[in-house]
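One structure below.
The values are calculated or read from the model by the stated rules, or taken from the named source; none is laboratory data. A quick note: this is a predicted structure, and the numbers were derived from the prediction, not measured. Cβ placement follows ideal geometry from the backbone for every residue including glycine, while neighbour counts extend to all protein chains displayed.
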Amino acid sequence: MIDVFADEYKLIKSNSVKNLVWNCFEVVPEYFWKIPSSSTGHYHPKDEFVEGGLVIHTKRTVRVAVHICDALSIIGLERDCVIAAALMHDVCKNGISEDKGHTVDGHGYLWMELARSRMTKDKFISNHVYRTISRLILYHMGKFDMPYILDWSDMLATCVYLADYISSRRDVLVDIEEVQDGEIPKENGRKRCSDRCTV
């Protein structure tokens, strides 16, 4: 099922990050691929209130995360970790093994448990990539998930939080066009308002 994220996966350059993402997506709860982005109908665009809506939200979150990385000059392994965290931030949204039917408090922590299940104890304790991505996912809810409150001085975690927050706003449209050659296409110029909206 990870094929649905092939474009987003191509954005990651580091093999260690790619391996962690691939291993985790092999064991994500089955519901992840099927549920809407919101169980309550709050906070997300209406086109995500369908089967597979969480997948659409995830693609949008990655797209916004890449733009924030570009704006803040986040590059290399740090950029890869931000993209990976954006890609996996909600894989345990409704629980780690079964669908609880609603967003579970601390679901960022549940991702850490999922990832640990794919690694030996020595490997995950010493793994810088795992620790970084875990931190970014753990705090992706910002101020909305006690006790995991975001430290705003953590630029990478703030990037993931803002990407998730912005992509979940109903009044912000995030286009999830295809990635070309592992990069998000840059616009060659600004579109006139009449080309993109009705005034």
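Quick check: anything in segment 119-130 in a loop (DSSP other than H, G, I, E, B), at pLDDT below 90 and among the small types (G, A, S)?
First pass over segment 119-130, keeping only residues in a loop (DSSP other than H, G, I, E, B): 119-120, 127.
The next check asks that each one be at pLDDT below 90; those that pass are 119-120, 127.
Retained after the next criterion (residues that are among the small types (G, A, S)): none.
Checked segment 119-130: no residue is in a loop (DSSP other than H, G, I, E, B), at pLDDT below 90 and among the small types (G, A, S).
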Exercise for the section: Would you check which residues across segment 25-37 are free of Cβ contacts under 8 Å to residues at least 60 places away in the same chain and in contact with a His (Cβ under 9 Å, 6 or more places away or on another chain) and list them? Expected result: P36
Fill in the blank from the handout: Reported set for segment 152-166 where residues are more than 15 Å from A71 (Cβ to Cβ) and touching a helix residue (DSSP H, G or I) at 6+ places or on another chain (Cβ under 7 Å) is W152, A157, D164
Problem - Residue selected from segment 37-90 under the condition assigned to a loop (DSSP other than H, G, I, E, B) and among the small types (G, A, S), by the criterion modelled with the lowest pLDDT - result: G41
Exercise for the section: Have a look at V199, V179 and point out the one that is more than 22 Å from S14 (Cα to Cα), at pLDDT below 75 and out of contact with any Pro (no Cβ under 6 Å at 6 or more places or on another chain). Expected result: V199
Practice task
Tell me, please, whether a residue that is surrounded by 14 or more Cβ atoms within 10 Å (Cβ to Cβ), of a type in the set (D, E, K, R) and not in a helix (DSSP H, G or I) can be found in segment 11-27.
Solution key: yes
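Residues checked against (1) in a loop (DSSP other than H, G, I, E, B); (2) at pLDDT 75 or above; (3) among the β-branched types (V, I, T):
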| position | (1), (2), (3) |
| --- | --- |
| N94 | yes, no, no |
| S97 | yes, no, no |
| G101 | yes, no, no |
| A115 | no, yes, no |
| I133 | no, yes, yes |
| G142 | yes, no, no |
| C159 | no, yes, no |
| Y165 | no, yes, no |
